[in-house]
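A quick write-up on the structure given underneath.
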Amino acid sequence: MFFTSKRLIERAEGLELLKEILKDKNKSVVIHYSCESFVTTHGRTPRVTSICMRYLGTAQTKSFSIHLQAQFDGKDFNNLTLADYDALEKKMLDEFYEFAKKHKDFKWIHWNMRDSNYGFEAIANRYRILGGQAFDIDEDRKYDFPRVLGKIYTYGYEKNKPDGRLLNLAKRNDITTVDALKGKEEADAFDNKKYLELHKSTLRKVDIVDSIIDRVDKNELKVASKPKH
């Protein structure tokens, strides 16, 4: 009885969070980013390679990336020095934080961007390392969508293997994963300077999160576990 009551409360919390996100879609944005592998940095904060945002209301996408910045600056992104990388990453993050300031009143929906390894804090730390002054997005405007799903459907809503919860959930729901790289593939793409592939993967993942949100809203999302009412 206690478990059922607790479950009902948790599900209600998840549905309320979803309601907040969808209350004004024109003031909500989905964010995802790609970065250097955590494993090969030897404790150094991973370099950010691309950041993509998708407006929930219009489905328009805004993106920033090292490879785009290199083209803007007339650089050959296949032959960048470490100083070039730093300068281009700094410019990319300059633009991202300008975007963040202009959208400070938006709701920011993300997928596991929670800590200093991977998340808003990791991006901010990279920017500070490069000499920038990060703009802090209010915590109450950040929505970790896996947490919302966990509250609504229980945390067994999807398995982590073989491709991670996001891609597994997309495949379960026939949402295209074309161009979306797995974690190891993203790390390899960075090491092999395949920045365009990383950028396309990031774009695809904001599209996937957007599609998942839409299916939850329509009560059409297929999950591994059935919601307990």
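A short reminder: the numbers here are calculations on the coordinates, not readings from a lab. This is a predicted model, so every value here is computed, not measured. Methodologically, a virtual Cβ is constructed for each residue, glycine included, from the backbone with ideal geometry; neighbour enumeration extends over all protein chains shown.
Extent of segment 69-111 along each principal axis, from alpha carbon coordinates, in Å, largest to smallest?
38, 22, 15
Can you give me the distance in nm between label points at residue 102 and residue 220, each placed 7 Å from the Cα along the Cα-to-Cβ direction?
Inter-label distance under the simple model: 3.2 nm.
Quick one: which of 151/182; 90/193; 142/205; 75/200; 27/159; 182/205 span more than 22 angstrom between C-alpha atoms? Walk me through the numbers on the way to the answer.
Numbers: 151/182 25 Å; 90/193 18 Å; 142/205 17 Å; 75/200 20 Å; 27/159 31 Å; 182/205 10 Å.
Listed pairs above 22 Å: 151/182; 27/159.
Taking the mean number of other Cβ atoms within 10 Å as a proxy for protection, how do you rank 73-82, 158-167 from highest to lowest? Before the final figure, lay out the partial values.
Numbers: 73-82: 11.7, 158-167: 15.9.
Packing order, densest peptide first, comes out as 158-167, 73-82.
Could you list log10 I(q)/I(0) for segment 107-159 at q = 0.14, 0.22, 0.26 Å⁻¹, which the Debye formula gives when each Cα is one point scatterer?
Calculated log10 I(q)/I(0) at the listed q: -0.45, -0.84, -1.00.
Report the charge-dipole magnitude of the chain in Debye, nearest 20, computed about the Cα centre from +1 at each Lys and Arg Cβ and -1 at each Asp and Glu Cβ. If you can, show how the numbers build up before the last one.
Working: 42 positive and 36 negative charges, 181 e Å.
The dipole of the chain has a size of about 880 debye.
Give me log10 I(q)/I(0) at q = 0.11, 0.12, 0.23 Å⁻¹ for segment 34-118, Debye formula, one equal scatterer per alpha-carbon, no solvent.
The Debye formula, applied to the Cα set alone, gives -0.36, -0.42, -1.25.
Suppose R0 equals 30 Å; then what is the FRET efficiency for residue 171 and residue 73 from their Cβ-Cβ distance, rounded to the nearest 0.05?
Step by step, r from the Cβ atoms, then E = 0.20.
Would you compute the Debye intensity of the chain from its alpha-carbon atoms alone, equal scatterers and no solvent, and pass along log10 I(q)/I(0) at q = 0.07 Å⁻¹ to two decimals?
The computed values of log10 I(q)/I(0) come out as -0.23.
So what is the relative contact order of the chain, in percent, for Cα pairs below 8 Å that sit 6 or more residues apart?
Numbers: 332 pairs, mean separation 60.4, N = 229.
Relative CO of the chain lands at 26 percent.
For the Cα atoms of the chain, what angle does the longest principal axis make with the long axis of helix 120-129, in degrees from 0 to 90, nearest 10?
20 degrees
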